[in-house]
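Before any comments, here is the structure.
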Amino acid sequence: MGCTPLQQQTAFFIFFTTAARAWCIATNLCHKEDVSYFESYGKEKIVQLRYATNLAVDQYIDQKAWEDAKLTHCPLHPKGGCRFARHGTYARKFPDGVKIARWYCPDGSVTFSLLPDCLCSRMPGTLIEVEEVINQMESAPSQEAAAENIRLDINLPGALRWMRRRLFLTRITLMMLIDLVASLGDCQPTVSSFRSVLGIELVLPRLRTLASSYLDILPPPLGFGPHPRTKKVKKNHFQHKTGTDPPYKKG
């Protein structure tokens, strides 16, 4: 009997967090100096970096804060010599008017960007917007009921996928932080639990600061690591070969 999509998602959620914990311990991620830049998440390049700022997204846009962003050295070549230089900006579709400062390393053929604390990583919108979605999902009697107040512009299946993606990634992040940050050991992997333990109103923006040492391994929208991906298993279909039937053989 096959599993439902929700059961598959839950199983992968447990598998990923367990694997992440073991991987963090095995590579001594608690000691940043022991981990090279490309070792994070299976040598995937982390090209988005934190722009530490307390500005809300409206303030970031009004002040054009991307013009003040500074990256003093190349993440690939800390000692210099790679002709590392500013490389303009790129615009985000949402929120409208947001620009992200960018730099380029010619020797590594890699661009780097500084993402302000108010914005999501690898996802449109702000961390506060994601947290508002999670709050409604955690307090609603069902996800379907929450969808009626969150996404009215699309049909229910699409709204549930949109919501569950944010919930799934956020809870993976919270479970990893419970193990990585000692002060969060009493938390449960819910935004409401973190809010209660930390005694703050907005959890995700605060965690961007609190977990700044681990952003390169945490998944989006909080961290700058890659999306957790399930391994696609190729189905082995037992198909008949094309062509005519073989000649009948008498026993």
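The values are calculated or read from the model by the stated rules, or taken from the named source; none is laboratory data. Because the structure is a prediction, the values reported are computed rather than measured. Positions of Cβ are backbone-derived with ideal geometry, glycine not excepted, and every protein chain shown enters the neighbour counts.
Check 186, 179 and return the single one that is surrounded by fewer than 19 Cβ atoms within 10 Å (Cβ to Cβ) and not in a helix (DSSP H, G or I).
Details: 179 fails: not in a helix (DSSP H, G or I).
Testing whether each residue is surrounded by fewer than 19 Cβ atoms within 10 Å (Cβ to Cβ) and not in a helix (DSSP H, G or I) leaves just 186.
Looking at 168, 112, 194, which one is surrounded by 14 or more Cβ atoms within 10 Å (Cβ to Cβ) and in contact with a strand residue (DSSP E or B) (Cβ under 7 Å, 6 or more places away or on another chain)? Can you show your working first?
Working: 168 fails: in contact with a strand residue (DSSP E or B) (Cβ under 7 Å, 6 or more places away or on another chain); 194 fails: in contact with a strand residue (DSSP E or B) (Cβ under 7 Å, 6 or more places away or on another chain).
Selected residue: 112, the only one of 168, 112, 194 that is surrounded by 14 or more Cβ atoms within 10 Å (Cβ to Cβ) and in contact with a strand residue (DSSP E or B) (Cβ under 7 Å, 6 or more places away or on another chain).
Considering 128, 134, which residue is in the same structural domain as residue 166 (by TED's automatic domain parsing), aliphatic (A, V, I, L, M), closer than 21 Å to residue 220 by Cβ and surrounded by fewer than 19 Cβ atoms within 10 Å (Cβ to Cβ)? Quick ask: steps written out before the conclusion?
Numbers: 134 fails: surrounded by fewer than 19 Cβ atoms within 10 Å (Cβ to Cβ).
Exactly one of 128, 134 is in the same structural domain as residue 166 (by TED's automatic domain parsing), aliphatic (A, V, I, L, M), closer than 21 Å to residue 220 by Cβ and surrounded by fewer than 19 Cβ atoms within 10 Å (Cβ to Cβ), namely 128.
Inside segment 141-194, can you point out the residues that are touching a Cys at 6+ places or on another chain (Cβ under 7 Å) and more than 20 Å from residue 216 (Cα to Cα)?
Hits for segment 141-194 are 193, 194.
Out of 92, 102, 122, I need the residue that is modelled with pLDDT of 95 or more and either among the aliphatic types (A, V, I, L, M) or out of contact with any helix residue (DSSP H, G or I) (no Cβ under 7 Å at 6 or more places or on another chain) (or both). Which one?
Working: 92 fails: modelled with pLDDT of 95 or more; 122 fails: modelled with pLDDT of 95 or more.
Just one listed residue meets the conditions, 102.
Looking only at segment 56-65, filter to residues that are in contact (Cβ under 8 Å) with a residue 12 or more places away in the chain and not in a loop (DSSP other than H, G, I, E, B); which one of those is farthest from residue 102 (Cα to Cα)? Spell out the reasoning first.
Keep residues of segment 56-65 that are in contact (Cβ under 8 Å) with a residue 12 or more places away in the chain, which gives 56-57, 60-61, 64-65.
Going one step further and asking which of them are not in a loop (DSSP other than H, G, I, E, B), we end up with 57, 60-61, 65.
Working: 57: 18, 60: 16, 61: 16, 65: 13 Å.
Taking the candidates together, the pick is 57.
Please go through segment 150-165 and give me each residue that is at pLDDT 90 or above and either assigned to a helix (DSSP H, G or I) or buried (at least 16 other Cβ atoms within 10 Å of the Cβ) (or both), ordered by number.
150, 156, 157, 158, 159, 160, 161, 162, 163, 164, 165, listed by residue number.
Taking the condition more than 27 Å from residue 189 (Cβ to Cβ) and outside the structural domain of residue 63 (by TED's automatic domain parsing), does residue 160 pass? Full working, then the answer.
Numbers: more than 27 Å from residue 189 (Cβ to Cβ): no; outside the structural domain of residue 63 (by TED's automatic domain parsing): yes.
In short, no.
Residues are listed down the side, and each one gets a yes or a no for (1) modelled with pLDDT of 90 or more; (2) not in a strand (DSSP E or B):
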site	(1), (2)
6	no, yes
12	no, yes
18	no, yes
30	no, yes
33	no, yes
54	yes, yes
67	yes, yes
86	yes, no
